[in-house]
Amino acid sequence: MAVNRMFRVCPATGFKVHEPAEALMKINAVTAVVALLVGGILALLVILTRWQTVHLLPADAFYMVLTAHGLNMLVFWIIFFEVAVLYFCGTVLLNSRLATPTFAWVAYALMLIGALVNNYAVMIRGDSSVMFTSYVPMGAHWSFYLGLILFAVGALIACFVFLGTLVVAKAERTYNGSVSLVTFGALTACIIAVFTIAAGAIILIPTFFWSIGLISHIDSLMYRTVWWGFGHSSQQINVSAHVAVWYAIAAIVFGAKPMSEKVSRGAFLLYILFLQLASAHHLLADPGLTSNWKIFNTSYAMYLAVLASMVHGLTVPGAIEVAQREKGFNKGLFEWLRKAPWGNPVFSGMFISLIGFGFLGGISGVMMGTEQLNLIIHNTIYVPGHFHATVVVGTTLAFMSLTYFVIPTIFRRELMFPGLAKWQPYLFGLGMSGFSLFMMGAGTLGVPRRHWDMSFAGALMQHEFPATAWLMMTLMAITGLVAIVGGAAYLLITVCSVFIGKKITTPGFKHISARDNAAAPVSLPNVVVPSHGNIGTAGFVAPGTFVLAIGFLISFVLYYFVNWKYLSTVWPLN
Amino acid sequence: MANASPQNSNDELSDEPIPPMQQLLDNPFALLFLGVAMPTVLYIVWGVMEIVGIPIAK
Ligand code: HEM
Ligand SMILES: [Cu+2]
């Protein structure tokens, strides 16, 4: 079979881009953004309903919209974008061609059809408002499960196209030594994805047969256990992918080199080994599973994975600090940070993502992952508060900031509305951070998640929430609306730039074959080889990051113990 | 980050053996095996065995 070897050299970065891979990156990214648009409109409806003063939708529409919001955001937006990231890391960063563009197109088609079929079940048929967790025995229409299965098969093929690309790159010697750290992060995401999809298949295929009547019964605890192998692990794909994006952006914006490749790769290895076990934290309140299983999987294993996240959360800003100090921003503890390009959305988005993920998502996640403390917040709106901090402030914002780099380099268009783009990460990131915090606040006071009416009007059993809880929910709605404005700004900027933005043309367009240019080194502009001359203070090369780390630990310890104290008051243990 | 750093770009030329840890990290399929086997055994198989072991109410 003839192999397509068309490459162009990106004039801005010097990257070699395999054109069939480029087309696939584009289509996956564009589809992702469409899912984000749909999910965003649904988010607006959800928030206007949970804001009790507005209380927009009737109950049944609320649950339908909430189901569709979860799926379009968490599954379709995120995973289409991740496929684009995998192809980018496998080809562009390794100077390689994509292994089998045909299979990649098949994967795309399956994912697209799956997403459409699933949305059809939820929003057009309207009989599948089972939330994205779709716990049995609550049943959806069979097309709901079929859509997810098709999507998953497509995503699995995409993972193998990526793995195949690694094989091709190695065989054709398009790089020397080990793959780059960013590609290694993408590989971590891909490996976790393979397990995730397998777990999803193990449970969704029988559920599909159950929905068409071929299987009579599915045990609900069995469903929940295997389903969370899928539901939780898919979040860990996101974590690995956005950490890879953080490293990439630190290198792109600052020419920063990881402080230690060994340590960073070791941390990714901890992800591969342990991150998925933390799935058990979703079952902490379930009877039937022993504390041995729960505590082994959430404590011992999860803390190793959390450790890895802390390593990434420190080495990324640490690498930026070192690069900045070497450029001369060496005064005091934080000059490197003050003089960072805060007006460049590629950087500001990435940095807000890092801080928000660590402080809001990380600390709340460890709290919730502790068996005893979990009881305080189980099934409250604290839970969506936590995961909007991880998957929205963390992953979504990181992907948004990457887009601002990708539009000129891959899509070859100038960014439109640069003034708005400057503000976008702040609107979205800070709005979302506030939104997550207020959700956590309301959840700590017991406000339930997935709940249409916290006033319990006309309900048999009444419950009065304290006034603070109502205030928290109002603040949640307002900050949520700010985030929606930020999300809309992102959609406006990216869609306009990609479709009607000014084209960037490449004079003297070059096609080069991968093999002919096998070992041609591609270097990013202004990569500084670390010499760590006379930077830093008091024996630290990155003292600012060290202070940030201490701040993180203090917040963590305080918050953790406050919750233990609180636990002793919510349960009458005397 | 797009290219291998200068120190390890010519590791094939040097005589130093590649450390075992690096060999593991450079082998995507070994990592794939570990990344799938660990959660399958410790989370799924162990969890499912516990659920299957729950006595059924009469
Ligand atoms: C500005 C953007 C967003 C706003 C205002 C928003 C708002 C909300 C609200 C109010 C809920 C309902 C909480 C409840 O009643 O239980 C919710 C649920 C959810 N959101 Fe978002 N969201 C946004 C973006 C996202 C993004 C980007 C993702 C994923 C990447 C996401 C994933 C989810 C998921 C998975 C649920 C849970 C659905 C369920 O309980 O089944 N959201 N969101
Ligand atoms: Cu989880």
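Here are a few things to note about the model shown:
- Scanning region A:189-201 for residues that are over 16 Å from the mean Cα position of the chain (by Cα), facing chain B (nearest Cβ under 10 Å) and open to solvent by less than 10 Å² (accessible area, probe 1.4 Å) turns up A:Phe195, A:Ala199.
- Residue check, A:Ser234 within 16 Å of ligand 2 (Cβ to nearest atom), within 13 Å of chain B (Cβ to nearest Cβ), under 22 Å from A:Gly394 (Cα atoms) and at pLDDT 95 or above: no
- Scanning region A:422-477 for residues that are crowded, with 19+ Cβ neighbours inside 10 Å and among the polar types (S, T, N, Q) returns A:Gln424, A:Ser433, A:Ser436, A:Thr444.
- Qualifying residue in region A:163-172 (condition: open to solvent by 10 Å² or more (accessible area, probe 1.4 Å), more than 9 Å from chain B (Cβ to nearest Cβ), under 14 Å from A:Leu86 (Cα atoms) and of a type outside the set (S, T, N, Q)): yes
Quick grid of which residues meet (1) part of a loop (DSSP other than H, G, I, E, B); (2) away from ligand 2 (no atom under 16 Å from the Cβ); (3) more than 14 Å from every other protein chain (Cβ to nearest Cβ):
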residue	(1), (2), (3)
A:Asp60	no, yes, yes
A:Ala68	no, yes, yes
A:Phe81	no, yes, yes
A:Val92	no, yes, no
A:Ser129	yes, yes, yes
A:Gly139	yes, yes, yes
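- Within region B:24-39, the set of residues being more than 7 Å from chain A (Cβ to nearest Cβ) and either open to solvent by less than 40 Å² (accessible area, probe 1.4 Å) or assigned to a helix (DSSP H, G or I) (or both) comprises B:Leu24, B:Phe29, B:Ala30, B:Phe33, B:Ala37.
- Any hit, region A:202-220, residues being within 20 Å of the chain's Cα centre (by Cα), within 11 Å of another protein chain (Cβ to nearest Cβ) and assigned to a helix (DSSP H, G or I): no
- Among residues of region A:375-401 that are more than 25 Å from A:Leu284 (Cα to Cα) and free of Cβ contacts under 8 Å to residues at least 12 places away in the same chain, none has a Cβ under 8 angstrom from a residue that is among the β-branched types (Val, Ile, Thr) and more than 7 Å from ligand 1 (Cβ to nearest atom) at a sequence gap of 6+ or on a separate chain.
- A:Ser240 vs. criteria closer than 17 Å to A:Thr390 by Cα, modelled with pLDDT of 95 or more and within 16 Å of ligand 1 (Cβ to nearest atom): yes
- Scan of region A:411-443 for residues that are more than 16 Å from ligand 2 (Cβ to nearest atom) and either within 14 Å of chain B (Cβ to nearest Cβ) or in contact with a Phe, Trp or Tyr (Cβ under 6 Å, 6 or more places away or on another chain) (or both), ordered by number: A:Gln424
- The single residue among A:Phe296, A:Phe334, A:Phe347, A:Phe254 that is aromatic (Phe, Trp, Tyr) and within 21 Å of the chain's Cα centre (by Cα) turns out to be A:Phe347.
- Residue within region A:262-275 that is open to solvent by 40 Å² or more (accessible area, probe 1.4 Å), more than 24 Å from A:Met367 (Cβ to Cβ) and more than 16 Å from ligand 1 (Cβ to nearest atom) present: yes
- Residues of region A:237-284 classified as β-branched (Val, Ile, Thr) and within 16 Å of ligand 2 (Cβ to nearest atom), total: 2
- Checking A:Leu360, A:Leu337 one by one, the residue that is among the aliphatic types (A, V, I, L, M), open to solvent by 10 Å² or more (accessible area, probe 1.4 Å) and within 16 Å of ligand 2 (Cβ to nearest atom) is A:Leu360 and no other.
- Taken over region A:371-398, the criterion of being surrounded by fewer than 21 Cβ atoms within 10 Å (Cβ to Cβ), at negative phi and outside any helix (DSSP H, G or I) is satisfied by A:His378, A:Thr380.
- Within region A:6-34, residues that are over 15 Å from A:Val85 (Cα atoms) have Cβ atoms under 7 Å from residues that are surrounded by 19 or more Cβ atoms within 10 Å (Cβ to Cβ) and charged (D, E, K, R) in these pairs: A:Phe7/A:Lys16; A:Val9/A:Lys16, counting only partners at least 6 apart in sequence or on another chain.
- Residues of region A:198-212 that are at pLDDT below 95 and of a type outside the set (A, V, I, L, M, F, W, C): A:Gly200 alone.
- Where A:Lys257 falls short, out of the listed (1) part of a helix (DSSP H, G or I); (2) facing chain B (nearest Cβ under 10 Å); (3) of a type outside the set (A, V, I, L, M, F, W, C): (1)
- Filtered residues of region A:448-489 (kept if within 9 Å of ligand 1 (Cβ to nearest atom) and either of a type in the set (Val, Ile, Thr) or within 14 Å of another protein chain (Cβ to nearest Cβ) (or both)): A:Thr479, A:Val482, A:Ile484, A:Val485
- Any hit, region A:53-76, residues being farther than 23 Å from A:Val393 by Cβ and open to solvent by less than 10 Å² (accessible area, probe 1.4 Å): yes
- Selection count, region A:28-65, where residues are within 9 Å of ligand 1 (Cβ to nearest atom) and within 20 Å of A:Asn238 (Cβ to Cβ): 5
- Residue satisfying all of: in region A:119-152; in contact with a Gly (Cβ under 8 Å, 6 or more places away or on another chain) and free of Cβ contacts under 8 Å to residues at least 60 places away in the same chain; surrounded by the fewest Cβ atoms within 10 Å (Cβ to Cβ) among these: A:Tyr120
The values are calculated or read from the model by the stated rules, or taken from the named source; none is laboratory data. The structure displayed is predicted, hence computed values, not measured ones. Note: ideal-geometry Cβ built from the backbone for every residue, glycine included; neighbour counts use all protein chains shown. In case anyone asks, the SASA skips ligands and DNA or RNA and just uses the protein heavy atoms, side chains included. Shrake-Rupley method; radii C 1.70, N 1.55, O 1.52, S 1.80 Å.
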